[in-house]
Amino acid sequence: MANPIALLLREQYSTPVQQRETSKLGMWIFIMTEIMLFGGLFLAFSVYRMSFPQAFVKGSADMSIVLGSINTAVLICSSFTMALAVYSAETGNRRMLTVFLIATMILGLVFLGIKFTEYYQHYLQHEAPAVWFDHTGPDSGHLEMFFVLYFLMTGLHAVHMLVGEGILTAMVIRNHRGSFSADYYTPVEISGLYWHFVDIIWVFLFAIFYVEGLHLHKL
Amino acid sequence: MSTAVETRPALNYLNQETGIRSWLFTLDHKRIGLLYVASITFFFFIGSFYALLMRLSLLEPNGWLFGPGTYNKLFSMHGIIMVWFFLIPSIPTTLGNFFIPMMIGAKDVAFPKLNLLSWYIFMVGGLTTLFAMIHGGVDTGWTFYTPFSTSYSTTWVTTAALGIFIAGFGSILTGLNFIATIHRMRAPGMTWFRLPVFIWSQYATSIILVLATPVLAITLLMIGVERIFQVGIFDPALGGDPVLFQHMFWFYSHPAVYIMILPAMAVISEIIPTFSRKPLFGYEFVVYASMMIAALGFLVWGHHMFVAGQSLYSALTFSFLSYLVAVPSAIKVFNWSATMYKGSVSWDTPMLYAIGFIGLFTVGGMTGLFLAAMGIDVHVTDTYFVVAHFHYIMVGGAVMGYLGGVHYFWPKITGKMYPEGLAKLSALIVFLGFNLTFFPQFILGYMGMPRRYAAYAPEFHTLNVMSTAGASILGIGYLLPLAYFIWAWKYGADAGPNPWRATGLEWQTSSPPPRDNFEETPVVTRPAYDFGGMKEELHLG
């Protein structure tokens, strides 16, 4: 047991390959669960989008396409730095691993900052359901529902981003302590899977909330 | 009978470490299984207590004990506790946790820390819901139908739903753990088609847990948001669609029925071959039937909504898909019966429960077909016919399977035997009490007695008295095992490693098993249920 990699093998496994493959499978199953979790909300959105097309397009036209597009770009960049982080781990480059993990976290925080700026703008425009929502007109109730779903879905996504920030912080700390090497970097790899998944969810959210009413937009 | 003296191993998973901390921080799947046994037994008796109060009140047509408000809370709390805190976790988290690693020849589940975390999540969820019940209860029924649950009910809906929401993540993580374990932790030579059917059934269950539970979580989250912020998601007054809630709820809750029954089938598929001394008839068909039940389970939720205003065409589709579920279910029933045919059947307690299961599950399943037929369903919707039907599946099926499993695996878990005569007697009491409780309800429902009412028309009196009498007998049938299992834990006779002369890997190690389950990793060379290939000394032993 002098081999340091063998020391990282938890007792229920017989080989490092088995341990690595099991961890990855676990994260993939978790991602399937997450798809179903967001799926319920996407279903609700689709049903009401079909029922109240005008209100939903109108709501979408009130989104800031500029901030939304910047955020999409930021997240895609963060996926790129995350991929580079996994690559650095794979090649045993611990210094670059820390650099790319922190870069990913900064991009994630930029995303969250922009997201909360948008929330604040919606609040100022009286588009925050239950808190401050006054729109009149025949569609106002359905417009409110659009914003309920908007806050619920992007809010749940933001919670996942925050969890991702926490996971990446843990990865930075563990890397600093020297837990990872070219032979053992599974936690980095599965954190990357999670991060990419959260990014993909955003791409779909961007499509349904921002792009929907683009043609009505006063840029 | 056993002539060789088989003593308990000096050091096993039960006594290797001692003290309360060694239990609360254990990563051993066997100990976590026992933590779940204690928890769900606690919840089971709370849920039963609510049922008992309901049945007592229904002794008289005017519901002499409780008014409608209290009665509504009683059946809601009975349903919520029984479904989410007993039936859903029952077999997977206890026997599944204990035996999945042992049956595949592994030292533990894939993620032991996650396994312990699941139990803590489950307990936090369970205690949150219990808190809501103690502080005033819930009156929405276990189904939380909107808009009543979101706009009108003044009871502790949000807290109760929060508890279920939390417990759901425990379920998801358990399912995730089992899938990863079954995929990656099998011993050398344990190929997919050498797996005991127990494992296959748990695998099918885990897939449902992982894919359906998140939909319930998000639905309950939406209920919470609608209640707390008073915004419209499901409330029709605010433009929402209450039928959407029903779709999302039943998308989870119909597969949830298979979360309850598939693990019971898993247990039955182990008991029947062992006590018939024959390999399971048509092993591959039973395996495929399990997977088919899991898959079809996701496509039939609409049969709960025949009267809820869905289109005739979707109702027709759901009706036909629901009939299809009968095919794999019938395959299983026929294959169990065929396994017993010309087998060397012995009548030990687990086998009594297994045979009881087959009969009661068949009754429950057949009446399920009545309910899948739209015409009859409209006639008996929201009557006691439905209540009787799903209790035949959940109590006659899932609970009988659980009890059978606990008796079957008890010698392995504790290394002790339970008192066989008393156990047989209580199996009989459970069977009789169960039928006396629920068979009259089929008749009541068909005659038109609606469910969820605190009072009823005088002509239903006799059948209701029969049902209440049955419930008291059933209660004794449940208290007896509780008593003799506690007794047997300390005073039972030593069981030896393989008292049933079963073939599974779990019986090839000592009872109780050592911390790592096996002295050395087993190598599997034979298919499951290979009684012919059993070593001669096992027959003698």
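The values are calculated or read from the model by the stated rules, or taken from the named source; none is laboratory data. Given the structure is predicted, the values throughout are model-derived calculations rather than measurements. Because the Cβ atoms are built from the backbone with ideal geometry, glycine has one as well, and the counts that use them run over all protein chains shown.
For segment B:6-52, taking the residues that are of a type in the set (A, V, I, L, M, F, W, C) and in a loop (DSSP other than H, G, I, E, B), the one that is modelled with the lowest pLDDT is identified as B:Ala10.
Selection of first residues in segment B:241-256 that are at negative phi and among the hydroxyl-bearing types (Ser, Thr, Tyr) and of second residues that are at pLDDT 95 or above and surrounded by 21 or more Cβ atoms within 10 Å (Cβ to Cβ), restricted to Cβ pairs under 6 Å at least 6 apart or on distinct chains, gives the following pairs, ordered by first then second residue: B:Tyr252/B:Ala212; B:Tyr252/B:Val215; B:Tyr252/B:Leu216.
For segment A:116-139, the candidate set comprises residues that are among the polar types (S, T, N, Q) and within 16 Å of A:Tyr210 (Cβ to Cβ); within that set, the residue that is nearest to the other protein chains (Cβ to nearest Cβ) is A:Gln125. Looking at segment B:213-226, which of its residues are at the interface with chain A (Cβ under 8 Å from one of its Cβ atoms) and under 22 Å from the mean Cα position of the chain (by Cα)? Selection gives B:Thr213, B:Pro214, B:Val215, B:Ala217. Considering every residue within segment B:162-176, establish whether at least one is under 26 Å from A:Ile35 (Cα atoms), touching a residue at least 60 places away in the same chain (Cβ under 8 Å), within 13 Å of chain A (Cβ to nearest Cβ) and outside any helix (DSSP H, G or I). Looking for residues that are under 26 Å from A:Ile35 (Cα atoms), touching a residue at least 60 places away in the same chain (Cβ under 8 Å), within 13 Å of chain A (Cβ to nearest Cβ) and outside any helix (DSSP H, G or I), one finds none in segment B:162-176, hence no.
Residue count for segment A:50-70, restricted to those that are surrounded by fewer than 19 Cβ atoms within 10 Å (Cβ to Cβ) and either in contact with a Gly (Cβ under 7 Å, 6 or more places away or on another chain) or within 12 Å of chain B (Cβ to nearest Cβ) (or both): 4. Would you pick out the residues in segment B:54-66 that are assigned to a loop (DSSP other than H, G, I, E, B) and surrounded by fewer than 22 Cβ atoms within 10 Å (Cβ to Cβ)? Selection gives B:Leu59, B:Glu60, B:Pro61, B:Asn62, B:Gly63, B:Trp64, B:Leu65, B:Phe66. Only one entry of A:Phe111, A:Phe100, A:Phe133 meets the criterion of being among the hydrophobic types (A, V, I, L, M, F, W, C) and in contact (Cβ under 8 Å) with a residue 24 or more places away in the chain, and that entry is A:Phe111.
From the list B:Ile100, B:Ile104, B:Ile134, exactly one residue is among the hydrophobic types (A, V, I, L, M, F, W, C) and away from chain A (no Cβ under 14 Å). Which is it? B:Ile134 is the lone residue from the list that is among the hydrophobic types (A, V, I, L, M, F, W, C) and away from chain A (no Cβ under 14 Å). With respect to the conditions (1) buried (at least 20 other Cβ atoms within 10 Å of the Cβ); (2) modelled with pLDDT of 95 or more; (3) within 14 Å of chain B (Cβ to nearest Cβ), A:Ala89 falls short on a single one, namely (3). Screening B:Thr191 against (1) within 12 Å of another protein chain (Cβ to nearest Cβ); (2) over 25 Å from the mean Cα position of the chain (by Cα) leaves a single unmet condition, (1). Picking from residues in segment B:67-81 that are within 18 Å of the chain's Cα centre (by Cα) and surrounded by fewer than 24 Cβ atoms within 10 Å (Cβ to Cβ), the one that is farthest from B:Tyr145 (Cα to Cα) is B:His78.
Based on what the data block shows, is A:Glu144 assigned to a helix (DSSP H, G or I), buried (at least 16 other Cβ atoms within 10 Å of the Cβ) and within 14 Å of chain B (Cβ to nearest Cβ)? The answer is yes for A:Glu144.
Scanning segment B:227-251 for residues that are under 28 Å from B:Tyr392 (Cβ atoms) and within 9 Å of another protein chain (Cβ to nearest Cβ), which turns out nearest to the chain's Cα centre (by Cα)? Restricting to residues being under 28 Å from B:Tyr392 (Cβ atoms) and within 9 Å of another protein chain (Cβ to nearest Cβ), the top hit is B:Phe251.
Screening the candidates B:Phe122, B:Phe98, B:Phe86, B:Phe131 for the property of being surrounded by fewer than 24 Cβ atoms within 10 Å (Cβ to Cβ) and not in a loop (DSSP other than H, G, I, E, B) yields one hit, B:Phe131. Taking the criterion of being under 30 Å from B:Val109 (Cβ atoms), assigned to a helix (DSSP H, G or I), in contact (Cβ under 8 Å) with a residue 24 or more places away in the chain and among the charged types (D, E, K, R), would at least one residue in segment A:57-76 satisfy it? No: zero hits.
All conditions but one from (1) surrounded by 20 or more Cβ atoms within 10 Å (Cβ to Cβ); (2) in contact (Cβ under 8 Å) with a residue 60 or more places away in the chain; (3) within 30 Å of B:Leu59 (Cβ to Cβ) apply to B:Leu482; the one that does not is (1). Of all residues in segment B:21-40, those satisfying the criterion of being over 16 Å from B:Asp516 (Cβ atoms) and within 19 Å of the chain's Cα centre (by Cα) are B:Leu34, B:Leu35, B:Tyr36, B:Val37, B:Ala38, B:Ser39, B:Ile40. Among the criteria (1) surrounded by fewer than 16 Cβ atoms within 10 Å (Cβ to Cβ); (2) assigned to a loop (DSSP other than H, G, I, E, B), the one B:Ala502 does not fulfil is (1). Of the residues A:Val198, A:Val159, the single one that is assigned to a helix (DSSP H, G or I) and buried (at least 18 other Cβ atoms within 10 Å of the Cβ) is A:Val198. Picking from residues in segment A:10-38 that are surrounded by fewer than 18 Cβ atoms within 10 Å (Cβ to Cβ) and farther than 17 Å from B:Leu176 by Cα, the one that is farthest from the other protein chains (Cβ to nearest Cβ) is A:Pro16. Flag: A:Val74 does not match the condition of being β-branched (Val, Ile, Thr), out of contact with any Phe, Trp or Tyr (no Cβ under 7 Å at 6 or more places or on another chain) and away from chain B (no Cβ under 14 Å).
Counting only helices (runs of 4 or more DSSP H) that sit completely within segment B:339-450, those holding 2 or more residues that are farther than 29 Å from B:Val286 by Cβ, of a type outside the set (A, V, I, L, M, F, W, C) and at pLDDT below 95 correspond to B:374-380.
The set of residues from segment B:451-471 being assigned to a helix (DSSP H, G or I), closer than 20 Å to B:Phe390 by Cα and among the hydroxyl-bearing types (Ser, Thr, Tyr) comprises B:Ser467, B:Thr468.
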